[in-house]
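The values are calculated or read from the model by the stated rules, or taken from the named source; none is laboratory data. Quick caveat, the model's predicted, so the values are computed rather than measured. All Cβ positions, glycine included, derive from the backbone under ideal geometry; neighbour counts span all protein chains shown.
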Amino acid sequence: MGKVYEATVTAPVNIAVIKYWGKRDSALILPTNSSLSVTLSQDHLSTRTTIRASPDFTIDRLWLNGVEEDINASKRLVNSITTARKLREALEEKQKQDGIPAESVVPLSQWKIHVCSENNFPTAAGLASSASGYAALVSALGTLYELPQTTSELSRVARVGSGSACRSMFGGFVAWQAGIADDGHDSLAVQVADRQHWPELQALILVASDKKKAVSSTAGMQTTVETSSLFAERVRTVVPQRMEAMKEAIAKRDFETFAEITMRDSNQFHAVCLDTYPPISYMNDTSRAVAGLVHAFNSARGRTAAAYTYDAGPNAVIYALKSDMRDLVELFTYCFPREDSILPDAFYPDPFSIFDSPEQ
Ligand code: DP6
């Protein structure tokens, strides 16, 4: 048996407060607009990936949550692995040019790999995200291959797997800069602030439905780009201004501004989905009831004390400061009891779903 090289990495899920929705290049996954997210704690929602490389492996193989999958079935997966292998190949070439004897350069780029990837959250919760999956894959390849690239540079490789994955390469507050280049070299993630910057900020995930979404993000955003006129306005005037205002709110730890922009951007993203033809509707009655409750809570407090945001599905993510979170959890538990819910979808604010977002 030849030598086996191995790397294990954990990457968390991120939740966007300025949404990515729309591609200008579907093959390279280049977005129509920049976006910004908060990376959640890896203790709660994350993917742990181990990759092994050996001269004895005859084919690339992949296990997802213990079940073997066809690694070649996903073009995006193949693209990410191929891109990382090319970076390793370039490194091996450089090592030889630098005078390192050829026999001391480990030809990892030529060896097949075995990838084993597991989520630490129930896949049935409908929160499974390709973001943590591709971020973990690319970070593990970066470690295994000892790539010299920075995390931002490696985020380009995660991006070709799934757009939002590039933001999960960092903890804390992360911007994905859309970039303008056709080859995508400037379309990458940068950390806006680290996780220690705002320890009082917390996120609560409310599972409104664990069903698989009817329209995937990839397909939905494509139809939006082709059919929505509201979308064009969002990309041109709204998002650039919001990106700047959001970065400033984070820098100043100004929760009220952070919260208002977060809710407005989620609302506009879902408005754009409804403006898509045929329309896409990700939120359900429970989601709308939660949004209404957050606004009622804010009016009762006389300030913007909580924010909601929804991705391509009905589950809510609530952002609030630690000092308000306990009351919010009580309120949601009271209004949406786990059993005998009057609403069509049961609603589960479990204690496990409270995250100290930037504290991983
Ligand atoms: C609504 O990153 O899943 O969550 O690039 O096609 O893989 P692909 O799409 P994906 O889209 C995420 C969309 C979103 C908003 C966001 O995370 O910014």
Report task. Tell me which residues, restricted to the stretch 185-194, are within 15 Å of the ligand (Cβ to nearest atom) and more than 12 Å from E153 (Cα to Cα). Result -> V192
Query raised in the report: Is one or more of the residues making up the stretch 174-184 part of a loop (DSSP other than H, G, I, E, B), within 16 Å of the ligand (Cβ to nearest atom), in contact with a His (Cβ under 8 Å, 6 or more places away or on another chain) and touching a residue at least 60 places away in the same chain (Cβ under 8 Å)?
Result: yes
Report summary line: Every listed condition ((1) over 16 Å from the mean Cα position of the chain (by Cα); (2) buried (at least 18 other Cβ atoms within 10 Å of the Cβ)) holds for Y134 save (1)
Report task. Name every residue in the stretch 258-297 that is of a type in the set (S, T, N, Q) and buried (at least 16 other Cβ atoms within 10 Å of the Cβ), in order of residue number. Result -> T262, S266, Q268, T276, N284, T286, S287
Report summary line: Every listed condition ((1) more than 19 Å from V317 (Cα to Cα); (2) surrounded by 13 or more Cβ atoms within 10 Å (Cβ to Cβ); (3) among the polar types (S, T, N, Q)) holds for S209 save (1)
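So, E92, is that one assigned to a helix (DSSP H, G or I), more than 16 Å from the ligand (Cβ to nearest atom) and either among the acidic types (D, E) or modelled with pLDDT under 95 (or both) or not? It would help to see each step written out before you state the result.
On the way: assigned to a helix (DSSP H, G or I): yes; more than 16 Å from the ligand (Cβ to nearest atom): yes; either among the acidic types (D, E) or modelled with pLDDT under 95 (or both): yes.
Yes, satisfied.
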Query raised in the report: For the stretch 20-63, which residues satisfy the criterion of being surrounded by fewer than 17 Cβ atoms within 10 Å (Cβ to Cβ), of a type in the set (S, T, N, Q) and within 16 Å of the ligand (Cβ to nearest atom)?
Result: S26
Requested in this report: Considering only the stretch 5-26, state which residues are part of a loop (DSSP other than H, G, I, E, B) and modelled with pLDDT under 95.
Outcome: V13
Requested in this report: Output the number of residues of the stretch 151-201 satisfying the condition of being in contact with a helix residue (DSSP H, G or I) (Cβ under 6 Å, 6 or more places away or on another chain), among the charged types (D, E, K, R) and under 10 Å from L30 (Cα atoms).
Outcome: 1
